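The values are calculated or read from the model by the stated rules, or taken from the named source; none is laboratory data. Quick caveat, the model's predicted, so the values are computed rather than measured. Here the Cβ positions follow ideal geometry from the backbone for every residue, glycine too, while neighbour counts run over all protein chains shown. For the accessible areas, the whole protein counts, side chains as well, though only heavy atoms, and no ligand, DNA or RNA atoms are used. Shrake-Rupley method; radii C 1.70, N 1.55, O 1.52, S 1.80 Å.
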Amino acid sequence: MNVETGVPALDTALVWGGAVSLVAGLLAVVWRAVRAALRLGRKLDHFMDDWAGEAARPGVPPRPGVVQRLTSLEERQSRVEHELYPNGGGSLRDAVDLANQRLAHLCADSDLSEGASLTQGGGPPGGLLTDRPCRF
């Protein structure tokens with residue numbers, strides 16, 4: 001197959017034009033790959049900064065890392081759980097149970113003395129626990 005046009009100057013221009021196009025296409029592909037790698041590297045750098053945390057800089061407060069933040073959340077959760085279960089008088093649950101016992105003692109309602117809770121709808125309509133007033 002003959003790909004010559006018969007005009008040597010035109011043939012040379014076409015060969016050089018093809019070579020320039022090929023080089024430009026390869027440069028474009030390489031540039032896109034390098035740009036994608038730089039973006040990925042930047043994202044990885046941000047992720048590592050978030051994971052490890054950052055020390056304080058002038059005008060910027062320190063940011064704790066993920067491990068420090070998880071430790072802080074676990075400590076807060078343990079403090080909340082401490083309040084949810086009876087532990088001998090020091091938790092919120094103990095205070096609520098004591099208040100319920102005192103209320104049951106003050107308002108001698110048969111539903112409360114049998115252990116029914118207020119949330120089970122054990123009282124008469126209107127939210128009153130008994131027909132007679134309690135001794136407060």
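List the number of the failed condition for VAL30; all other conditions in (1) within 38 Å of the chain's Cα centre (by Cα); (2) modelled with pLDDT under 95 hold.
It is condition (2) that VAL30 fails.
Taking interchain pairs and intrachain pairs at least six residues apart, which have beta carbon atoms under 6 angstrom, with the first residue in the range 12-33 and outside any helix (DSSP H, G or I) and the second open to solvent by less than 100 Å² (accessible area, probe 1.4 Å) and not acidic (Asp, Glu)?
none
Consider the range 60-85. How many of its residues are open to solvent by 80 Å² or more (accessible area, probe 1.4 Å) and over 18 Å from ASP49 (Cα atoms)?
Number of matching residues: 11.
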